[in-house]
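Every read-out reported here was derived from the displayed coordinates using simple, explicitly stated rules and does not represent laboratory data. Small disclaimer: the values here were computed from a predicted structure and weren't measured. Neighbour counts are summed over all protein chains in view; Cβ atoms, including those assigned to glycine, are modelled from backbone coordinates with ideal geometry.
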Amino acid sequence: MHHMAILVTQNLPLFELGCALEVFSLPKKEISPWYKCDVVSFDGEKLATSTGMSIEVTEVSELLHYDILLIPGWDTESRKIKLALAEQIVAFHSLNKRIITFCSGAFLPAQLGLLNGFKATTHWRYADLFKQRFPAVEYVDNVLYTQQDHISCAAGSAAGLDLALEIVRQDFGHEVANVVARRLVISPHRAGGQAQFVNTPMPHKHHRFAKTLDWSIKKLDSILKVDDLARHANMSRRSFDRHFKASVGMPPKEWLNQQRIRLAKELLEHDRLSMDELATRVGFDNTVTLRFNFHKFVGISPSEYQQQFYQGKETH
């Protein structure tokens, strides 16, 4: 069993705390032993939240008996850390124990120098401030999370769920991570960065289809068929369909269409293309098929999506 301390302070962010509790603290009867979590603080037993509510937590003076430390948020403007807390976190890190941060939580280990020379990330809103205050940290833009030197940092808010599921996958395997994701009604893995809203199934670490998946993603501008994927994997179509669905969690055609829509969303965010051009770029043979699949996976039309998420420069 992994014993986890979820460290909170005044004005704690409820959403990030909720994400941590939902994944790591909520008992899962079908998965045992699970994590054991304590919500702890060095700031007293009663804390204010970012929403004005107050909650009661366990006040502690040491952390070293825990296996994992999770920091769901930290005051990005504060430069003060209680000496007892600083000493405990530095000692915790020196024992090569895992530290996980969500969103602004990365500011705490960065302020203690624990991220110097290593990759880290935080919410894009705090990126400039983080890079300004911690130039010795290798800040990584446009990722959902980073993991290096026993410290994992989630970019922010819902990205904490992405990192939490990755932690579960590392501790319990991809099948358990998929079970937890299904309970949360979210994808087990999101590909891409903070600016993207892309859902794809989590492959096994050494997925038997990994090379074929990578190959097909690079070929999306071609009108690929499932038969093409089966040939690339050196399998019969029937065998490919069966094993693909068992491993990835959906039929290969549905996965392929998902990837086309993923690319379509990215193009709509950055380029002004006609529907014919967009269909060609992502490998659909006509705009009807493009619009049908886009609405199926995204829930709105391509033009509506572009109106909401276009990030390119307008030309006049």
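Points to keep in mind about this one:
- Within a straight-line Cα-Cα reach of under 19 Å, residue 296 can be paired with the following aspartates and glutamates, leaving aside sequence neighbours fewer than 8 residues apart in one chain: 254, 266, 269, 276, 285, 304.
- Within the chain, the longest run free of exposed loop sites, counting GluC sites (Glu not before Pro) that sit outside DSSP helix and strand states (H, G, I, E, B) and have at most 16 other Cβ atoms within 10 Å, spans 78-313.
- Over 27 Å (Cα to Cα) - which of 46/131; 225/265; 219/265; 36/131; 28/131; 28/119 fall in this group: 46/131; 36/131; 28/131; 28/119
- For the pair residue 95 and residue 277, label points projected 7 Å from Cα toward Cβ lie 5.9 nm apart.
- Residue order for 235, 1, 250, fewest other beta carbons within 10 angstrom first, comes to 1, 250, 235.
- Per residue, the chain reaches -12000 deg cm²/dmol at 222 nm when only DSSP H runs of four or more residues are counted, each adding -39500 (n - 2.57).
- Shown is the FRET efficiency for residue 65 and residue 149, computed with R0 = 25 Å from the Cβ-Cβ distance and rounded to the nearest 0.05: 0.70.
- When the Cα gyration tensor is reduced to axis lengths a ≥ b ≥ c, the ratio a/c is 1.5 or higher for region 31-87, and with a/b not above b/c it is classed as oblate.
- Length available on full extension from residue 1 to residue 219: 0.36 nm per residue minus the Cα-Cα distance, which gives 74.1 nm.
- Spin-label proximity, residue 75 to region 40-62 - amide N less than 16 Å from point 7 Å beyond Cα toward beta carbon: 41-52
- Under 18 Å from a label point set 7 Å out along the Cα-to-Cβ vector of residue 21, the amide N atoms of region 134-157 belong to 157.
- Between helix 237-248 and the chain there is an angle of about 20 degrees, using the helix long axis and the longest principal axis of the Cα atoms.
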